[in-house]
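Chemist: Handing you a structure now.
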Amino acid sequence: MRQLDECIAMMDEGIARVRNALPEMPATEVALARLLLLVGGGMQEELERKLKPVKLNDSEFLTMMVLFSQPDGSSTPSELCIYTSQGATNMTRIANALVKRGLIVRGPSKEDRRRVSIRITPAGRRLVQQMLPPMFPRLRAQFAGFSAAEARNLGRLLRKLAHNLDQLDLDQPDPDA
């Protein structure tokens, strides 16, 4: 991947040229959206580098993290679809791959035997516990130079943007969808 600073400089130049052709373009919002995509892509690449040695992809990792973070280590397929932003078909594929590796198990729910429950195994829990600590230094480095207040403010602003995206879907359904 190109260096993000170089991509951002090119982006700024391109937005300025488009703004000259289309003065009504919301340049600030376009730049912010593009910055989020560029930074998110860079963070995604960093995560994928860390997952490659343990032969997990980001969807499998996120599924493992959701299960690891649950008090009882379990969830339902529909909850996992919501938490990981995956469709049912892809979640089935993810679960099958993790079951095959012995990292999760699938079975009837303790509360309602008609429902399927997915639970992290002890091997899955150990893998997460081994994987996470080596990720922390580079994660901290990504936010180097941010004060505690700036980090909190960024979190608050990103949550506000997430809320706006949710509202957009509720208030103004996409006519092309």
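Chemist: Based on this model, can you work out whether residue 112 counts as acidic (Asp, Glu) and more than 27 Å from residue 40 (Cα to Cα)?
Modeler: Considered against the rule, which asks whether it is acidic (Asp, Glu) and more than 27 Å from residue 40 (Cα to Cα), residue 112 comes out as yes.
Chemist: Regarding residue 59, is this residue within 22 Å of residue 165 (Cα to Cα), under 14 Å from the mean Cα position of the chain (by Cα) and of a type in the set (S, T, N, Q)?
Modeler: Judged against the criteria, residue 59 is a match.
Chemist: Quick check on my filter: what residues within region 124-142 are in contact with a helix residue (DSSP H, G or I) (Cβ under 7 Å, 6 or more places away or on another chain) and either of a type in the set (D, E, K, R) or free of Cβ contacts under 8 Å to residues at least 24 places away in the same chain (or both)?
Modeler: Matches in region 124-142: 125, 138.
Chemist: Across region 74-92, what is the number of residues that are in contact (Cβ under 8 Å) with a residue 24 or more places away in the chain, under 14 Å from residue 116 (Cα atoms) and not hydroxyl-bearing (Ser, Thr, Tyr)?
Modeler: Taking region 74-92 first, the residues in contact (Cβ under 8 Å) with a residue 24 or more places away in the chain are 74-77, 80, 84, 86, 90-91.
In the following step, the residues that additionally are under 14 Å from residue 116 (Cα atoms) were identified as 74-77, 80, 91.
Of the ones still in play, those that are also not hydroxyl-bearing (Ser, Thr, Tyr) are 77, 80, 91.
Total meeting the criteria: 3.
Chemist: Residues to consider are 21, 9; find the one that is among the small types (Gly, Ala, Ser) and at pLDDT 95 or above.
Modeler: 21
Chemist: On the basis of being exposed (fewer than 12 other Cβ atoms within 10 Å of the Cβ) and outside any helix (DSSP H, G or I), does residue 156 make the cut? Steps first, please.
Modeler: On the way: exposed (fewer than 12 other Cβ atoms within 10 Å of the Cβ): yes; outside any helix (DSSP H, G or I): no.
Answer is no for this residue.
Chemist: Restricting the search to region 113-139, which residues are among the polar types (S, T, N, Q) and exposed (fewer than 14 other Cβ atoms within 10 Å of the Cβ)?
Modeler: 129, 130
The values are calculated or read from the model by the stated rules, or taken from the named source; none is laboratory data. Bear in mind that the values here come from a model prediction, so they are computed numbers and not experimental data. Neighbour counts are summed over all protein chains in view; Cβ atoms, including those assigned to glycine, are modelled from backbone coordinates with ideal geometry.
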